[in-house]
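Undergrad: Encoded as structure tokens, here's the structure I'll be asking about.
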Amino acid sequence: MLFLPVALICLIGRSTAQSVRSPEFDILLSTLLDRNAPLVDVDELSERELPIMLDARERSEYAVSHIPGAVWVGFDDFDPGRVKHISKDDEIVVYCSVGYRSEKVADRLRMAGYRNVRNLYGGIFEWVNAGLPVMDRNGPTRNIHGYDRVWSFWITQG
């Protein structure tokens, strides 16, 4: 059983419009994200044609696997100039491993004038946990970059 500090247990009842499959992962996300950028969850995205997907992880993470059609934009060296070819009115969803880095990139995009930017709640970890496909440069794969040993705990598939 996962040990949760008392402060986190108090957040269990916190309701969000977005969801992930694991209540414990949801608690972690509720403490990790500022919710400055609008959120979208995996279930909502999986039910329709994907918008422009931007990957805010490091290039090495993207190389292991990414959401099909996603464009790498990075995090540490992110520059809004990387997306200057995208209309400021286009629907954009930014993701990373769990949503922290992508939230920061989504904020920067919104400050640069992009009007329809959301952050993927639970990131690529929740994407693969939902059984949705990821790919590498050779096509579909089951590999997923776990960021590190601690964070990879939240990956249940792949």
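The values are calculated or read from the model by the stated rules, or taken from the named source; none is laboratory data. Bear in mind that the values here come from a model prediction, so they are computed numbers and not experimental data. Cβ sites come from the backbone with ideal geometry, for glycine too, and all protein chains shown count toward neighbours. Each accessible area value is taken on the protein alone, full model and side chains, heavy atoms only, with ligands, DNA and RNA left out. Shrake-Rupley method; radii C 1.70, N 1.55, O 1.52, S 1.80 Å.
Undergrad: Please give the helix 23-32 orientation as an angle from the longest Cα principal axis of the chain, in degrees from 0 to 90, rounded to the nearest 10.
TA: For 23-32 against the chain, the angle is about 60 degrees.
Undergrad: Under the rule a/c < 1.5 gives rounded, and otherwise a/b versus b/c splits prolate from oblate, where does the range 10-143 land using the Cα gyration tensor?
TA: Here the range 10-143 falls in the oblate category.
Undergrad: What stretch of the chain, leaving out the sites themselves, is the longest with no trypsin sites (Lys or Arg not before Pro) in a DSSP loop having at most 16 other Cβ atoms within 10 Å?
TA: Result for the longest clean stretch: 49-83.
Undergrad: For the chain, modelled as a Gaussian network with Cα springs under 10 Å, which listed residue fluctuates most, His145, His66, His85?
TA: Among His145, His66, His85, the largest mean-square fluctuation in the Gaussian network model of the chain belongs to His85.
Undergrad: For the chain, take the longest principal axis of its alpha carbons; what is the angle in degrees between that and the long axis of helix 100-111, to the nearest 10 within 0 to 90?
TA: 40
Undergrad: Now, a different point. Could you give the accessible area per residue of the chain, probe 1.4 Å, as a whole number in Å²?
TA: 52
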